[in-house]
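Just so it is clear, none of the values below were taken in a lab; they were calculated from the coordinates. Quick caveat, the model's predicted, so the values are computed rather than measured. Neighbour counts run over all protein chains shown; Cβ positions are idealised from the backbone, glycine included.
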Amino acid sequence: MQFKNLFVYQLDTKWKMGARDLEAILASRALQPCGSLEMESRGWVPLQPDGPFLYALHGHWLLALGVEQKILPASVIRQVTADRAAVLAKKQAHSIGRKQMREIRERVIDELLPRALVRRQITRAWIDPAKHLLLVDAASAGKAEQVLETLHKSGADFPAKQLDTERAPASAMTEWLTQGGISSSFTIDQDLELRSSDENKATVRYVRHTLEGKDIRAHISAGKIATRLGMTWTNKISFILTEDLQIKRINFLDILNQEPGQNNDNEEEQLALDIMLMTGELSLLLADLIKLLGGEKAAT
């Protein structure tokens, strides 16, 4: 199991909760199938079949949020509603008003929902209690916020806010590009997004492109700042850092990428090994990255 994207949240330093207490909270709000008239259902699922809702290993906790959603395309609703409205208009010999059209649409949704297909999505999260960090493997802010919202609705006291550092990532990334390097632990890769700070928000993107050209410095001199930058940490993990301190497109270069046939035949042991390696290496990466950005911003 590998995390691909990270939203990093700080937990209040006064926050304390035991693994058993959190496990009980998650179990009390296990994912339930969507009801016949529900569009969505959220709840916690075990990380592995028949396993605990909270997977604890060497001081790291992992949990998974399951979301079931009914697939009911808007185009289908519009078409069925229009057909029903046309039949009714002909029957009553006058056009359909807004209120009547809204009522027809609501009835159509109620009829189609029980027959709609259901899609399940899983969002995984990782808690480092010792460092008071919550990390969510999500590609969008909305998915990450679902985890926090469901934790609160489950009755868990999670005073969390997005990680903030003394140095703004955009300012730091722009400076690294100007200097042509970062540090002994980090190197610049070949992906970059530059954006102007004026109202036009003119944007330039480089993908798999050398970032040492004069054109990049010219863009920076003209006032553009780096909003996304490809980086590699100690030749082990490559990723994209964003201006909002999101860590995207994480790729473990030689840690978890084993050749086929080398995996442990015991799935439980393999999962434990993957989690141990992933959390161990990502913890070190995060510590170095936070230090590089001046440390966590002090509460005001």
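Measure nothing fancy, just the Cα-based angle from helix 98-112's long axis to the longest principal axis of the chain, in degrees from 0 to 90, nearest 10.
80
Pairs of alpha-carbon atoms within less than 8 angstrom and 6+ residues apart define the contacts here; what relative contact order does the chain have, in percent?
Rounded, it is 21 percent for the chain.
Take every Cα pair under 8 Å in segment 169-292 that's 6+ residues apart, average their separations, divide by the length, and report that relative contact order as a whole percent.
22
Loop-only check: which trypsin sites (Lys or Arg not before Pro) in segment 2-77 are DSSP coil with at most 12 other Cβ within 10 angstrom?
Lys14, Lys16
I'd like the orientation of helix 169-179 relative to the chain: the angle between its Cα long axis and the longest Cα principal axis, in ° from 0 to 90, rounded to 10.
40
If one takes the longest principal axis of the Cα atoms in the chain, at what angle in degrees, from 0 to 90 and to the nearest 10, does the Cα axis of helix 74-92 lie?
20
Assign one of three labels to the chain, namely rounded, prolate or oblate, based on the Cα gyration tensor with a ≥ b ≥ c the square roots of its eigenvalues; rounded applies when a/c is under 1.5, prolate when it is not and a/b is larger than b/c, and oblate otherwise.
It comes out oblate by the Cα gyration axes.
Once you order the gyration tensor axes a ≥ b ≥ c over the Cα atoms, which shape class does segment 49-158 get: rounded for a/c under 1.5, otherwise prolate or oblate by comparing a/b with b/c?
Here segment 49-158 falls in the prolate category.
When Lys and Arg each count +1 and Asp and Glu each count -1, what net charge do the other residues less than 15 Å away from Ser41, Cβ to Cβ, add up to?
So the environment of Ser41 carries a net charge of +2.
Which of Lys201, Lys236, Lys224 moves most in a GNM of the chain, Cα contacts under 10 Å?
Lys201
Which longest run of the chain has no exposed loop site in it, a site being GluC sites (Glu not before Pro) in a DSSP loop with at most 16 other beta carbons within 10 Å, and the site itself not part of the run?
That gives 39-165 as the longest site-free run.
Explain nothing, just the number: relative contact order of segment 14-57, from Cα pairs under 8 Å at least 6 residues apart, as a whole percent.
Rounded, it is 35 percent for segment 14-57.
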